[in-house]
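Okay, structure first, notes after.
The values are calculated or read from the model by the stated rules, or taken from the named source; none is laboratory data. Source: prediction; values computed, not measured. Cβ placement follows ideal geometry from the backbone for every residue including glycine, while neighbour counts extend to all protein chains displayed.
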Amino acid sequence: MLKDRVVTAVALLAGLLGAVFLLPPVLWLILCAALCGAAAWEWGALARFERALRLSTAIAFAVASAFLGWSAGLADGHVGGAVALVPLHVFSALFWVFAVPFWLRGKWVLSNPMLASLVGFVVLVPTALAMMQLRVMGPWVLLGTMAVVWVADIAAYFTGKAIGRHKLAPSISPGKTWEGAAGAALAVLLFGFGVLGVLGATPETGLAPVVLVLLAWTAVSIIGDLFESLLKRQAGLKDSGSILPGHGGILDRIDSLTSTLPLVALGTVWLAR
C-alpha cells in the first residue's frame, strides 16, 4: 500500500511539473478548468447531490472557470486582465477568513442544494482561476505558492505524529493537533525565509510583515483542510473520491490550496499595482 502511494505521488508530481512548465497557456487553462469540473463532481458527493445535479454542477463549474479565465486573457498568457478577477478573489478571501471559521465552529451542514452550489462555486472556481493566473505570472510562482502549502501539510503530519498531544479539532479531524499546527508554522517560516535567502531578497517593509503573512498563510491552509474534513465527515465519506489510487480524490489533494491560492492571486494583483 505504501509503495503504491509513493509511486502514485511521484507520478502525480511528475505530471504536474510537466504540465506547469511545458503546456502553453491555453492548454493549461483547459486543464485547470477540467480539474475544476472533476473537483465539482466530488463536491456534489459531499453535498449529497443526485447524479444529474452532480454532473450539471461539474460541467457548469468547468465552463465557468474556462470562460472567466479566457475573458481575463489568461489563455493568451496575459496576466494584466487578472484585475477583472479581483472581485471573485475578494469574495473568496472573505469567505475563507470570515465565514469558514464560524462554519467550523457551528458545524453547519450543506443541506440546501442552491447554497451548496454557491459555496462550491466560491471554493472551486477561484482556485482554478488562481492556478491559471499564477502560472501565467511564472511556473515558479505557482509552484512556490503550492510548495508553501505542501510544506505546511507535511510538517503538520510528521510533527503531529511525533509529539502531537492536544487535539486541534477532535470532532472534525481527530488526527490534527496543535503541535502539528505549530510544526507547520515553523516549517513554513523556515521555508519562506530560506527562499528569500536563496533569492537574495530583502523585504523593504522588514521581517515582521513577512512573518505575519507566512503565519496567516499557514493558518488559512489549515482552515481549508479542516473545512473539507468537516464536509466529508458530515457526508459519511472517508475520501472525496477515488480518482487518485491510494490518495483519494482531487479535493483531498487540493483542500488546503482552495483556501490559499485565491488569496495569493489577490495579493499578487495588489502588489502589481
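Within segment 92-110, restricting attention to residues that are surrounded by 14 or more Cβ atoms within 10 Å (Cβ to Cβ) and of a type outside the set (A, V, I, L, M), which residue is farthest from GLY138 (Cα to Cα)?
Ranking the qualifying residues of segment 92-110, first place goes to TRP108.
Tell me which residues, restricted to segment 57-79, are of a type outside the set (S, T, N, Q), in a helix (DSSP H, G or I) and surrounded by 15 or more Cβ atoms within 10 Å (Cβ to Cβ).
Step one: of segment 57-79, the residues of a type outside the set (S, T, N, Q) are 58-64, 66-70, 72-79.
Adding the requirement that they be in a helix (DSSP H, G or I) leaves 58-64, 66-70, 74-76.
Listed by number, the residues that qualify are ALA58, ALA60, PHE61, ALA62, ALA64, ALA66, LEU68, GLY69, TRP70, LEU74, ALA75.
Check whether at least one residue in segment 135-150 is modelled with pLDDT under 95, of a type outside the set (Ser, Thr, Tyr), buried (at least 19 other Cβ atoms within 10 Å of the Cβ) and not in a helix (DSSP H, G or I), and report yes or no.
no
Conditions: (1) under 18 Å from LEU230 (Cβ atoms); (2) aliphatic (A, V, I, L, M); (3) assigned to a helix (DSSP H, G or I). LEU110 meets all but one. Number of the miss?
All conditions are met except number (3).
Using beta carbons and a limit of 9 Å, which pairs, at least six apart or on different chains, have the first residue in segment 131-151 and farther than 17 Å from LEU12 by Cβ and the second one of a type in the set (D, E, K, R) and outside any helix (DSSP H, G or I)?
From residues that are farther than 17 Å from LEU12 by Cβ, there are no pairs.
Can you tell me which residue is farthest from PHE49 (Cα to Cα) among those in segment 197-239 that are at pLDDT 85 or above and among the polar types (S, T, N, Q)?
The extreme case among them is THR218.
I'd like the full set of residues that are in a helix (DSSP H, G or I) and more than 25 Å from PRO262 (Cβ to Cβ), limited to segment 195-220.
Scanning segment 195-220 gives GLY197, VAL198, LEU207.
Only one of these is farther than 30 Å from LEU186 by Cβ, more than 18 Å from the chain's Cα centre (by Cα) and touching a residue at least 12 places away in the same chain (Cβ under 8 Å): LEU124, LEU110. Name it.
LEU110
Name the one entry in ARG54, ARG48 that is basic (Lys, Arg), over 24 Å from LEU263 (Cα atoms) and in a helix (DSSP H, G or I).
Exactly one of ARG54, ARG48 is basic (Lys, Arg), over 24 Å from LEU263 (Cα atoms) and in a helix (DSSP H, G or I), namely ARG54.
Among the residues of segment 235-250, is any closer than 19 Å to ALA45 by Cα, of a type in the set (A, V, I, L, M) and buried (at least 23 other Cβ atoms within 10 Å of the Cβ)?
No; the residues of segment 235-250 include none that is closer than 19 Å to ALA45 by Cα, of a type in the set (A, V, I, L, M) and buried (at least 23 other Cβ atoms within 10 Å of the Cβ).
Would you pick out the residues in segment 171-212 that are touching a residue at least 40 places away in the same chain (Cβ under 8 Å) and surrounded by fewer than 16 Cβ atoms within 10 Å (Cβ to Cβ)?
Result: SER171, VAL195.
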